[in-house]
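Report on one structure; see the data block that follows.
The values are calculated or read from the model by the stated rules, or taken from the named source; none is laboratory data. Keep in mind the model is a prediction, meaning the values are calculated, not measured. Positions of Cβ are generated from backbone atoms using ideal geometry, with glycine treated the same way; all protein chains shown enter the neighbour counts.
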Amino acid sequence: MVALDASARIVTLQFSFTNPDAIPASIRKRTVESWQEAVERKVNITGTMVIEPTEDVTLFCFLDELEAAGYEMVDALYKQRLDPKDSRGKRMYHMVRFIFARKEHVVLCDEFRTVRDEIRRDLAKIATESLWRVRGYSNPFYGKEGGVEGVRAISLNMEARRPRFEPSGKPVVVWQKDAEGNRVGDAPIPLPAKKILRACEGAIALV
């Protein structure tokens, strides 16, 4: 759990994909990450983990709740990154990041304003049509002159995507199983979530 109040100026939703075809075309692509950038990204970790990695999480109501809490999307980007598990430095994964700011700090460029509604719809699909492994951090917030005392940037990372729908639109189904691994019930059920990511009552939490 992490407090969602005026001190949390920025909330970032970051999704990792292995399949680039799952990334909406509305999100602009940036440069491919260099090996040096990958190393610097791993070294420059200054935040505190506030949500432990948790599997099979749905975000089906999170976007609406985040906006109701007073946050607006101000940017979105897509970047290819080097897979840290590949020692040869050749395998890539695909990172899509959506940045939200508290309304009193929102500044939008005209270019992003014209595409924000489309990107918002695509984000809603990403958030609701898959289950994710979620982990969260509370990070220092840096302004033009460095760190700002008493201000935080919350980062929520979504990985290990499990689509809830097949390409045809048919729901993915699984059998329920008991403690011994035996099937339970008369038929498989839609892929169930184990947790829900919520942004309500002044906090971001898994419930």
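Any chance the stretch 20-36 includes a residue that's surrounded by 15 or more Cβ atoms within 10 Å (Cβ to Cβ) and at pLDDT below 75? Within the stretch 20-36, one or more residues are surrounded by 15 or more Cβ atoms within 10 Å (Cβ to Cβ) and at pLDDT below 75.
Can you find a residue that is over 24 Å from ALA25 (Cα atoms), over 14 Å from the mean Cα position of the chain (by Cα), of a type outside the set (Val, Ile, Thr) and part of a strand (DSSP E or B) anywhere in the stretch 168-175? Looking through the stretch 168-175, at least one residue is over 24 Å from ALA25 (Cα atoms), over 14 Å from the mean Cα position of the chain (by Cα), of a type outside the set (Val, Ile, Thr) and part of a strand (DSSP E or B). Could you say whether any residue in the stretch 184-195 is surrounded by 11 or more Cβ atoms within 10 Å (Cβ to Cβ), free of Cβ contacts under 8 Å to residues at least 12 places away in the same chain and not in a helix (DSSP H, G or I)? No: the stretch 184-195 contains no residue that is surrounded by 11 or more Cβ atoms within 10 Å (Cβ to Cβ), free of Cβ contacts under 8 Å to residues at least 12 places away in the same chain and not in a helix (DSSP H, G or I).
Residues that are at pLDDT below 95 and part of a strand (DSSP E or B): does the stretch 58-73 have at least one? There is no residue in the stretch 58-73 that is at pLDDT below 95 and part of a strand (DSSP E or B). Can you tell me which residue in the stretch 122-151 is nearest to PHE17 (Cα to Cα), limited to those that are at pLDDT 95 or above and among the basic types (Lys, Arg)? Of everything passing the filter in the stretch 122-151, ARG133 is nearest to PHE17 (Cα to Cα). All of ARG91, ARG97 fail the test of being at pLDDT below 95 and touching a Ser or Thr at 6+ places or on another chain (Cβ under 7 Å), apart from ARG97. Taking each residue of the stretch 95-124 that is touching a residue at least 40 places away in the same chain (Cβ under 8 Å) and within 19 Å of ALA69 (Cα to Cα) and looking for partners that are small (Gly, Ala, Ser) and surrounded by 14 or more Cβ atoms within 10 Å (Cβ to Cβ) with beta-carbon atoms closer than 6 Å, six or more apart or interchain, yields PHE98/ALA76; ARG102/GLY70.
Restricting attention to the stretch 122-179, the residues that are buried (at least 19 other Cβ atoms within 10 Å of the Cβ), under 24 Å from PHE60 (Cβ atoms) and of a type in the set (A, V, I, L, M) add up to 8.
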